[in-house]
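In what follows, a structure is listed as structure tokens, so that the remarks can point back to it.
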There are 2 protein chains.
Amino acid sequence: MTKTKTPSAVSPAAQPRAAARRVTSYDVAMLAGVSQSAVSRCFKPGASVSKSTYARVMKAAAGLDYIPNAAARSLITRRSNMVAVVISQMANLYYPEALAELSHQIARRGKRVLLFTMQHEADVGRLLADIWQYQVDGAIVAAALTEEQIGEFERRRLPLVVFNRNLRRADGVNSVLCDQYEAGRLLAGRLAAAGHRQFGIIAGPADSPVATERRHGATDRLRELGLPAPAMVTGQFDYASGTHGLREIIAQLGRVPDAVICGNDVMAIGCLDCARHELSLDVPGQLSVAGFDAVEPSNWLSYNLTTLRQPIGHMAQAAADLLAGLIDAREGETVTAQTRTFAPQFIDGATARLVALKPDSLAA
Amino acid sequence: MTKTKTPSAVSPAAQPRAAARRVTSYDVAMLAGVSQSAVSRCFKPGASVSKSTYARVMKAAAGLDYIPNAAARSLITRRSNMVAVVISQMANLYYPEALAELSHQIARRGKRVLLFTMQHEADVGRLLADIWQYQVDGAIVAAALTEEQIGEFERRRLPLVVFNRNLRRADGVNSVLCDQYEAGRLLAGRLAAAGHRQFGIIAGPADSPVATERRHGATDRLRELGLPAPAMVTGQFDYASGTHGLREIIAQLGRVPDAVICGNDVMAIGCLDCARHELSLDVPGQLSVAGFDAVEPSNWLSYNLTTLRQPIGHMAQAAADLLAGLIDAREGETVTAQTRTFAPQFIDGATARLVALKPDSLAA
DNA sequence: TTGTAGGCGTTATCAT
DNA sequence: ATGATAACGCCTACAA
């Protein structure tokens with residue numbers, strides 16, 4: 001299976017890792033015949049250097065492959081040009097898209113992403129100490145933070161943008177989010193309006209605030225409308241949770257529900273596939289299925305899923321904007337915290353019946 | 001659409017970003033009544049400190065929220081505990097999985113990922129200068145590097161592991177890869193053995209070495225077998241390329257080919273959906289479709305794609321292992337470059353006919 | 001075991 | 001415009 005080819009005879013280039021003394025600005029200064037500070041200035045954008053020195057220095061630098069040492073620079077400037085991005089569910093299909101966009105947006109502002117990943121969102125606490133260590137200029141966190149943890153960011157004056165987490169304590173904390181509770185309400189409402197009465201819900205994991213809000217939004221709306229309590233199961237945001245979830249809901253109810261609301265698209269796709277391919281149900285004829293996120297596969301022809309889109313590109317851009325603003329704010333300046341809320345967008349796919357079977361709307 | 005809620009009256013906590021003097025080891029030393037070096041030693045794993053001083057120092061540190069400054073440390077230790085990971089196609093579904101695994105493996109070795117993303121693989125050159133800047137301990141690069149670029153890593157003695165790129169110059173370069181050329185040959189061979197004669201190929205982008213190798217592997221094998229030249233189109237590794245690709249191939253040939261080999265799974269899925277839902281073709285009855293990677297959706301019930309899996313988890317682990325070894329090697333030590341090659345694994349899905357229609361094998 | 005002192009590579013301040 | 005010089009926060013001999 002694994003062919004470990006230790007190159008022995010074939011590959012001559014065994015690199016001797018000698019202690020290569022680093023090239024510093026002193027070396028460049030010496031070669032260029034100027035002072036070390038002159039070299040430093042040449043690498044600072046708006047500095048005052050004469051054309052001739054600049055040319056000599058740059059030529060020497062190029063000859064020596066000199067590049068300023070960011071660690072040393074950050075020591076004095078207090079700017080590392082690194083931004084921490086904390087993300088939990090890389091498997092989630094949704095987060096890679098967000099991360100790609102964040103990385104892009106952060107790069108164009110001259111900074112880089114220091115990536116912190118974790119298996120479970122609750123592990124975020126253990127990462128914090130590392131974040132402090134690395135002296136990042138700010139952090140974008142896509143995980144639930146406790147009040148205490150937020151407080152620590154404030155104490156350390158570390159600019160923070162919370163991504164897609166609706167925190168209990170909203171004030172004083174910058175965040176970019178999509179209104180998940182509203183999304184849940186909206187979806188439940190649309191389905192109920194079409195006459196669906198018995199719902200099933202395949203919710204996301206209990207430790208995910210996003211999952212919780214979507215679930216509450218849906219259940220609250222159903223209750224308001226006086227519909228029967230939905231059958232409820234919990235999943236892990238993955239495909240298998242969708243297939244198992246549907247079976248379990250059917251077992252709970254003793255029949256196929258009218259509609260299933262899934263905590264995200266991947267579970268909805270699992271649910272859909274189970275319904276069609278395992279249970280031979282007609283979707284949306286016998287059963288409506290809907291999800292959240294509008295990840296790429298939800299739009300594929302085999303699915304064409306009814307779902308709610310989060311404007312992920314805009315959200316990432318907003319997060320990067322917000323953070324950049326916080327970082328660039330002169331010290332001592334007062335910055336008021338913002339919450340940028342994006343509205344979810346209803347995607348009218350083909351997996352949910354959205355018109356009433358009998359036009360009982362005439363009776364109203 | 002975007003509701004920017006500037007909290008005005010509601011939110012009192014407008015944080016004044018005062019110049020918070022950082023807590024240093026001197027502060028801790030003062031509070032604990034010891035020297036600064038004592039504090040330093042307390043944060044170094046195998047140092048010699050008495051129990052009592054250690055306790056006092058740690059108590060003071062905790063009280064002040066002291067955390068060592070990694071930038072300052074790296075200045076003298078020459079270890080930043082950061083690893084650069086360079087990745088191009090985050091949209092590719094394959095790379096997020098790799099990145100998640102890499103991040104995990106690197107984290108468990110006490111290091112963090114500094115992420116470098118780019119739109120096109122050819123842009124890697126522009127990132128290099130940044131990599132040097134940040135003083136990373138090593139780099140894992142999932143992009144094609146020129147000889148010159150590799151040479152620059154060597155000159156700077158920066159440990160490098162090339163991920164999933166078969167370089168022309170293999171010696172002296174540490175790399176982890178899946179044999180893409182062989183994978184292409186294998187797939188073409190299996191399909192040909194089942195009697196498919198007229199092939200179509202939806203290849204990946206021309207600037208992707210992985211795409212090129214898969215394509216060459218397939219075309220070489222078909223030529224060896226004396227089969228007619230395949231219809232060839234180029235895609236961007238995305239879903240739309242798969243749907244367009246199939247139509248274009250049919251236009252080129254004037255008929256539906258026997259089989260289409262797609263440069264990756266996402267294009268294969270696009271091709272498959274187009275065949276089934278737009279052209280109403282029976283797959284694999286009238287047309288066989290296959291891809292590469294075995295990304296998660298390829299395994300979903302609606303697709304059950306015939307494909308070749310790359311053992312991505314193992315590859316990521318191997319890359320992290322390799323890099324860690326290079327970094328930990330004592331300076332001056334000679335390290336021989338390795339290439340760890342992983343074999344692709346054939347996934348016998350349901351989108352390709354793999355048995356001959358007429359048992360003409362009896363005739364042989 | 002502990003403290004003293006020098007240095008890591010840069011930027012910033014201040015003369016010149 | 002340029003060059004000394006003092007930080008930045010930490011690690012590490014070396015001496016005690």
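Summary of computed values
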{"quantity": "Out of A:L253, A:L222, sole residue that is surrounded by fewer than 24 Cβ atoms within 10 Å (Cβ to Cβ) and either over 29 Å from the mean Cα position of the chain (by Cα) or within 29 Å of A:F163 (Cβ to Cβ) (or both)", "calculated": "A:L253"}
{"quantity": "Any hit, region B:101-112, residues being of a type in the set (A, V, I, L, M) and crowded, with 24+ Cβ neighbours inside 10 Å", "calculated": "yes"}
{"quantity": "Residues within region B:96-118 that are more than 8 Å from chain A (Cβ to nearest Cβ) and farther than 12 Å from B:A139 by Cβ, tallied", "calculated": "7"}
{"quantity": "Enumeration of residues in region B:115-152 that are under 13 Å from B:S80 (Cα atoms) and more than 14 Å from the chain's Cα centre (by Cα)", "calculated": "B:I131, B:W132, B:Q133, B:Y134, B:Q135, B:V136, B:D137, B:G138"}
{"quantity": "Filter result (polar (S, T, N, Q), buried (at least 21 other Cβ atoms within 10 Å of the Cβ) and assigned to a helix (DSSP H, G or I)) within region A:180-215", "calculated": "A:Q180"}
{"quantity": "Test: residue in region B:59-74 that is more than 14 Å from chain A (Cβ to nearest Cβ) and surrounded by fewer than 17 Cβ atoms within 10 Å (Cβ to Cβ)", "calculated": "yes"}
{"quantity": "Complete set of residues in region B:154-179 that are closer than 24 Å to B:S80 by Cβ, within 12 Å of chain A (Cβ to nearest Cβ) and crowded, with 22+ Cβ neighbours inside 10 Å", "calculated": "B:P159, B:L160, B:V173, B:N174, B:S175, B:V176"}
{"quantity": "Lone qualifier among A:A143, A:A194 - being among the aliphatic types (A, V, I, L, M) and in the same structural domain as A:I269 (by TED's automatic domain parsing)", "calculated": "A:A194"}
{"quantity": "Some residue of region A:270-290 being within 18 Å of B:L93 (Cα to Cα) and part of a helix (DSSP H, G or I)", "calculated": "yes"}
{"quantity": "Qualifying position, being hydrophobic (A, V, I, L, M, F, W, C), within 9 Å of DNA strand C (Cβ to nearest atom) and more than 14 Å from every other protein chain (Cβ to nearest Cβ), among A:V34, A:V39", "calculated": "A:V39"}
{"quantity": "Answer from B:V113, B:V57, B:V83 - the residue that is of a type in the set (A, V, I, L, M, F, W, C) and farther than 22 Å from B:R165 by Cβ", "calculated": "B:V57"}
{"quantity": "Filter result (within 12 Å of chain B (Cβ to nearest Cβ) and out of contact with any Gly (no Cβ under 6 Å at 6 or more places or on another chain)) within region A:293-308", "calculated": "A:V295, A:E296, A:P297, A:S298, A:N299, A:W300, A:L301, A:S302, A:Y303"}
{"quantity": "Yes/no for B:A9 being within 14 Å of another protein chain (Cβ to nearest Cβ), over 41 Å from the mean Cα position of the chain (by Cα), surrounded by fewer than 14 Cβ atoms within 10 Å (Cβ to Cβ) and at pLDDT below 95", "calculated": "yes"}
{"quantity": "Condition check for A:A84: at the interface with another protein chain (Cβ under 8 Å from one of its Cβ atoms) and within 32 Å of the chain's Cα centre (by Cα)", "calculated": "no"}
{"quantity": "Filter pass, A:D171 being closer than 24 Å to A:L99 by Cβ and in a loop (DSSP other than H, G, I, E, B)", "calculated": "no"}
{"quantity": "Selection count where residues are away from chain A (no Cβ under 14 Å) and either at pLDDT below 95 or surrounded by fewer than 17 Cβ atoms within 10 Å (Cβ to Cβ) (or both), scope region B:257-292", "calculated": "3"}
{"quantity": "Region A:216-254: number of residues that are within 14 Å of chain B (Cβ to nearest Cβ), in contact with a helix residue (DSSP H, G or I) (Cβ under 7 Å, 6 or more places away or on another chain) and in a loop (DSSP other than H, G, I, E, B)", "calculated": "2"}
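For every residue, the table says whether it meets (1) free of Cβ contacts under 8 Å to residues at least 40 places away in the same chain; (2) not hydrophobic (A, V, I, L, M, F, W, C).
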site	(1), (2)
B:P68	no, yes
B:I76	yes, no
B:V85	no, no
B:A107	yes, no
B:G110	yes, yes
B:L115	yes, no
B:D137	no, yes
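The values are calculated or read from the model by the stated rules, or taken from the named source; none is laboratory data. These numbers come from a predicted model, not from an experiment. Positions of Cβ are generated from backbone atoms using ideal geometry, with glycine treated the same way; all protein chains shown enter the neighbour counts.
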